[in-house]
Amino acid sequence: MSVQLNHTIVFSRDKRAAAAFLTEILGLPPATRFGPFLAVQMANGITLDFYDADREIVPQHYAFLVSEREYDDILGRIRQRRVPYWADPFHHQAGEINTDDGGRGVYFEDPSGHNLEIITRPYGGG
């Protein structure tokens, strides 16, 4: 058996708001309840399991590989909602996108402060 990532827990201030934000921005089906979690299913079988944190949240980074068309749709929803976005993970290039490795990428935050990224090419693949 090859090793594959199956799921990860995403600690959130409000799991319902965070899961809804992600599914709406990325254009995914709504999250499903699994015990105390709200699970968001990715196309490659991985789930992001949102959980209401009872402690301070340490922001994490989650990168999503998307098609060119999905990128345009997602960036359109980000702009429509007036969600701030940046070309870099340190949030120095506001309102810009990057073209690293011949693709396009952009960073934005979820309601709990996690640094989300969409890219059209994996890094190192250019």
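Quick notes
- Size of segment 75-126 from its Cα atoms: along the principal axes, largest to smallest, the extents are 31, 20, 16 Å.
- Close amide H partners of residue 121, meaning residues 5 or more places away or on another chain with modelled amide H under 5 Å apart, are 104.
- Both radii are taken from the alpha-carbon atoms of the chain; with Rh as the Kirkwood radius, Rg/Rh is 0.96.
- Protection-proxy order for peptides 95-102, 1-8, 51-58, 31-38, each taking the mean of Cβ atoms within 10 Å per residue, highest first: 31-38, 95-102, 51-58, 1-8
- For the chain, the dipole from Cβ point charges (+1 on Lys and Arg, -1 on Asp and Glu) about the Cα centre works out to 320 debye, to the nearest 20.
- Shape class of segment 1-52 from the alpha-carbon gyration tensor: oblate, with a/c at 1.5 or above and b/c at least as large as a/b.
- Helical runs (DSSP H, four residues minimum) scored at -39500 (n - 2.57) apiece and divided by the length of the chain put the mean residue ellipticity at 222 nm at -6000 deg cm²/dmol.
- The residue 123 and residue 2 beta-carbon pair, evaluated with R₀ = 35 Å, returns a calculated FRET efficiency of approximately 0.95.
- Angle between the chain longest axis and helix 68-80 axis [Cα atoms, degrees, rounded to 10]: 80 degrees
- Solvent exposure, largest accessible area first (probe 1.4 Å, DNA, RNA and ligands not counted), of 69, 13: 69, 13
- Per DSSP, loop chymotrypsin sites (Phe, Trp or Tyr not before Pro) in segment 56-118 with at most 16 further Cβ within 10 Å: 90
The values are calculated or read from the model by the stated rules, or taken from the named source; none is laboratory data. Note that the structure is predicted; figures quoted are calculated from it, not measured. Methodologically, a virtual Cβ is constructed for each residue, glycine included, from the backbone with ideal geometry; neighbour enumeration extends over all protein chains shown. Note: accessible area is taken over every heavy atom of the protein model, side chains too, but ligands, DNA and RNA are not part of it. Shrake-Rupley method; radii C 1.70, N 1.55, O 1.52, S 1.80 Å.
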